[in-house]
Amino acid sequence: MNYLHDFLQLLLFLILLIPLSYILGNFFAKVFQGEKHFLQPVLGKFENFLYRFSGIDTQHQMDWKEYTINLLIFNFFGFLFLVALQLSQQFLPFNPQHLPKVDLLLAINTAVSFVTNTNWQSYAGETTLSYFVQMAGMAVQNFLSAATGIAVMVALIRGIATRNGKTIGNFWNDVTKSVLYILLPLSIIFSIILLSQGVVDTFSHYVTAVTIEGQKQIIPLGPVASQVAIKQLGTNGGGFFNTNSAFPFENPTPLSNFLEVLSILLIPASLVFTYGKMLGSKKHAWTIFGVMLFVFLAGLAVSYYSEISYNHVFNTQKIMEGKELRFGIFNSVLWSTATTVASNGSVNSMISSLSPISGLIAMLNIQLGEIIFGGVGAGLYGMFLFIVITVFISGLMVGRTPEYLGKKIEAYEIKWSILAVLLPSIAILFFSSVAVVSKNGLSSLLNKGPHGLSEILYAFTSAAGNNGSAFAGLNTNTNFYNILMSIAMLIGRYGVIVPVLAVAGSLVKKNIAPATSGTLATDNFMFAFLLVAVILIVGALTFFPVLSIGPFLEHLLMQSGITF
Amino acid sequence: MLFPSVKSSLKFLIIFTVLLGAAYPFAIYFAGQIFFPDKANGSLFIQDGKIKGSYLIAQEFKDDKYFHPRPSAINYNPLPSGASNLSETSALLLKEYERRKKIFIQENSLSDPVKLPDEMLFASASGVDPDISKESAYLQTKRITNARNFNKLQGRQLLSLIDSVAEPPQFGVIGNEVVNVLKLNIKLDEMSK
């Protein structure tokens, strides 16, 4: 094993990630503050055309309720459209494999999954969805669900930054700007790079090859490059093919892999700096960034260490089951860590075949709320909830009314924040419990022993966390899982968005008090320490019991060489 | 308040579907067909006008006279692609592992205690991992030399063939050194002609 080589790859990753996200983050702030920027002359006219066509008055500012209702209606139509496309794909163009219509429950599950930015896949793309549905359906929601996340975050920022106001912005305006100035330009650049590495992009039907030894091999194709770019940038993760970014046509080279991991964290990391810039506190942004980077690297270190440790069942140090050779161990765990902190459901190795502790880290990353960089927009507004809780707890300790950036944090904000943290956790634990005591839940298992529990727990964690990655042994294309997981995905998405917008709506009305010597500083090491502590304690207290009888138990048994 | 939102939602969805679901993918499609046509169409290996596979997708090689790829959980049939998803405490995986080990040692007439390359004993993630390591290729040369009745000189040429096909980490840092099995076997056939 070449540890130095792995370390150099990590270093290169960070050297690219940090400056790039700083630059992009400041650019995004310009976009949302309505300042002039270089893309405006190019796309400004098109933006205005969009508003005119849709009959939207961008001057109209919305209060939190109107903002939320518009968001929900828009997402709901996105959902209906996706279901309709899947049910009628046999009549639609660009279906060279003549794939039949998708079953109703699977179609609903998939639609919920893409609208909520989860991208859980109970289906295998290459044998289920036509090119048309992938493009006009899935890819569009990849953009729009990510844009929805950014919109909520920007609305929240306005809630914090505005003094004695009422409104938190215009939903349509925020979505449009997110798509036109952030997601689309980056996707175009990234698609071209992917093409240069060998990602396929064609409308031709699948190719039938006769191999050198004379066997028939059907090779699936499709308009893939454009899809992969946005699936990574938008922290979506829904693969064109069943094995997602492990499949060579989605991720052909180490370089494509490296850039795909980078693009997973790029926008979430950038938005931290957008947040700091728009709130006028760059130091606060660096504090949040530091917390995220620390938890990310800690998880990565544990995951990596566990993968390179000697395995007592196989008597080797390098388990390559479910991994691709061109990526190797390091790039596989870098990917599994980055995707699970960031709510991206793509995989380049099979998480189910990772070591139990690597699987645990992946699961825990999602269970902490995917606030370490997190989903596009979603990560930061999730982190905001934890900041509110930290400020509140610290306030209790010193006996002062908690404040955040000059705004008083009161019972109303705390209640909504706690609700938003609890809802996904309850969904994970409750639905997993239902699954492990029911025949329908257990009949889908592949692996026996504690790994079986991990499979179920991971599925609901992934759904409620809107992540989308999987311990893919579990067959979730059953009515039982399609229904329960759809509900979990909805709770995990809107059970957080609505409370966040409610808090934004409440904060916007408050005055901004100047900081005094008694104000808890939110931009120093002490605060970073408290924030990390709150995140880990909340996550650990909620999930430690079940993790200890799932992946942790499996780890102990494995160390004694026990198999199932 | 609701009615205008519904109307705007629908119009918004229509125009974004046109932009993101048609204009964007078509633009990328044309870019691919113009600038990287071979890659965009699947990096296909075409011989005498016939498609014989893709350089990026492993195909099955069972014959002794060819280099063998990594094990596949889907028997190299990517419709759909897939992995075993077995855990590290799976008795089934352990059985498979021992079986593959035995076969690899037998096929290549290796002495038992040799350290085998792990990727040849474990199935890949995609089921069609096109690469093996240099070490795995070296270990297979004895079998191929015998099967093809190579003389000593050709045997040495075989080793340098592996080195010439091997791709180092990109920019010297990113990823692992790999040998593409299909490329290697094509070169091998050329060399034997």
message: Looking only at residues that are more than 27 Å from the chain's Cα centre (by Cα), of a type in the set (A, V, I, L, M, F, W, C) and part of a helix (DSSP H, G or I) in region A:526-564, which one is farthest from the other protein chains (Cβ to nearest Cβ)?
response: A:Met526
- line: Within region B:53-96, of all residues that are more than 7 Å from chain A (Cβ to nearest Cβ), without any contact (Cβ under 8 Å) to a residue 60 or more places away in the chain and part of a loop (DSSP other than H, G, I, E, B), the one surrounded by the fewest Cβ atoms within 10 Å (Cβ to Cβ) is B:Asn75
task: Give the residues of region A:236-274 that are of a type in the set (Val, Ile, Thr) and either within 20 Å of A:Gly149 (Cβ to Cβ) or open to solvent by less than 10 Å² (accessible area, probe 1.4 Å) (or both), sorted by residue number.
output: A:Thr243, A:Val261, A:Ile264, A:Ile267, A:Val272, A:Thr274
query: All but one of (1) within 9 Å of chain B (Cβ to nearest Cβ); (2) touching a Lys or Arg at 6+ places or on another chain (Cβ under 8 Å) hold for A:Gly238; which doesn't?
result: (1)
- prompt: Going by the conditions given, is A:Lys277 over 22 Å from A:Met138 (Cβ atoms) and touching an Asp or Glu at 6+ places or on another chain (Cβ under 7 Å)?
  reply: no
- request: With respect to A:Lys101, determine if the residue is of a type in the set (D, E, K, R) and in a helix (DSSP H, G or I).
  value: no
field: Flag if B:Asp48 is among the charged types (D, E, K, R), touching an Asp or Glu at 6+ places or on another chain (Cβ under 9 Å) and either within 12 Å of chain A (Cβ to nearest Cβ) or farther than 30 Å from A:Leu556 by Cα (or both)
entry: no
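Just one of A:Ala435, A:Ala378 is open to solvent by 10 Å² or more (accessible area, probe 1.4 Å), more than 14 Å from every other protein chain (Cβ to nearest Cβ) and in contact (Cβ under 8 Å) with a residue 24 or more places away in the chain; which is it?
A:Ala378
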task: Would you check which residues across region B:140-149 are without any contact (Cβ under 8 Å) to a residue 40 or more places away in the chain and touching a helix residue (DSSP H, G or I) at 6+ places or on another chain (Cβ under 8 Å) and list them?
output: B:Thr141, B:Thr145
field: Evaluation of A:Asn331 against (1) within 14 Å of chain B (Cβ to nearest Cβ); (2) without any contact (Cβ under 8 Å) to a residue 60 or more places away in the chain; (3) on the phi < 0 side of the Ramachandran plot (one fails), failing number
entry: (2)
message: Given the condition open to solvent by less than 70 Å² (accessible area, probe 1.4 Å), over 14 Å from the mean Cα position of the chain (by Cα) and within 30 Å of A:Asn242 (Cβ to Cβ), answer yes or no: does some residue in region B:141-151 qualify?
response: no
query: Considering A:Thr148, A:Thr235, A:Thr243, A:Thr162, which residue is polar (S, T, N, Q) and over 19 Å from the mean Cα position of the chain (by Cα)?
result: A:Thr162
- line: Counted residues in region B:70-90 being among the hydrophobic types (A, V, I, L, M, F, W, C) and within 10 Å of B:Ala125 (Cβ to Cβ) come to 2
- line: Picking from A:Tyr304, A:Tyr310, the residue that is open to solvent by 10 Å² or more (accessible area, probe 1.4 Å) and in contact with a Phe, Trp or Tyr (Cβ under 8 Å, 6 or more places away or on another chain) would be A:Tyr304
- prompt: For A:Phe81, are the conditions met, namely being modelled with pLDDT of 95 or more and over 29 Å from A:Phe471 (Cβ atoms)?
  reply: yes
message: Given the options B:Val178, B:Val173, name the one that is facing chain A (nearest Cβ under 10 Å), open to solvent by 20 Å² or more (accessible area, probe 1.4 Å) and under 26 Å from A:Pro252 (Cβ atoms).
response: B:Val173
query: When you scan region B:1-52 for helices (runs of 4 or more DSSP H) that lie fully inside it, which ones turn up with 2 or more residues that are hydrophobic (A, V, I, L, M, F, W, C)?
result: B:2-18, B:24-35
task: Check region B:170-183 and report whether any residue there is outside any strand (DSSP E or B), farther than 24 Å from A:Val347 by Cβ and without any contact (Cβ under 8 Å) to a residue 60 or more places away in the chain.
output: yes
- request: Could you pull out the residue among A:Tyr51, A:Tyr22 that is under 24 Å from A:Met278 (Cα atoms) and either in contact (Cβ under 8 Å) with a residue 40 or more places away in the chain or surrounded by 13 or more Cβ atoms within 10 Å (Cβ to Cβ) (or both)?
  value: A:Tyr22
- prompt: Could you count how many residues in region A:507-534 are at pLDDT below 95 and of a type in the set (Val, Ile, Thr)?
  reply: 4
- line: Selection from region A:332-364 of residues farther than 26 Å from B:Leu92 by Cβ, more than 9 Å from the chain's Cα centre (by Cα) and open to solvent by less than 10 Å² (accessible area, probe 1.4 Å) yields A:Leu334, A:Thr337, A:Ala338, A:Ser346
message: A:Pro248 - would you say it is part of a loop (DSSP other than H, G, I, E, B) and at negative phi?
response: yes
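The values are calculated or read from the model by the stated rules, or taken from the named source; none is laboratory data. No experiment lies behind these values; they were computed from the predicted model shown. Glycine also receives a Cβ, built like all others from the backbone with ideal geometry; neighbour counts cover every protein chain displayed. Quick note on the areas: whole protein, heavy atoms, side chains included, nothing else; ligands and nucleic acids left out. Shrake-Rupley method; radii C 1.70, N 1.55, O 1.52, S 1.80 Å.
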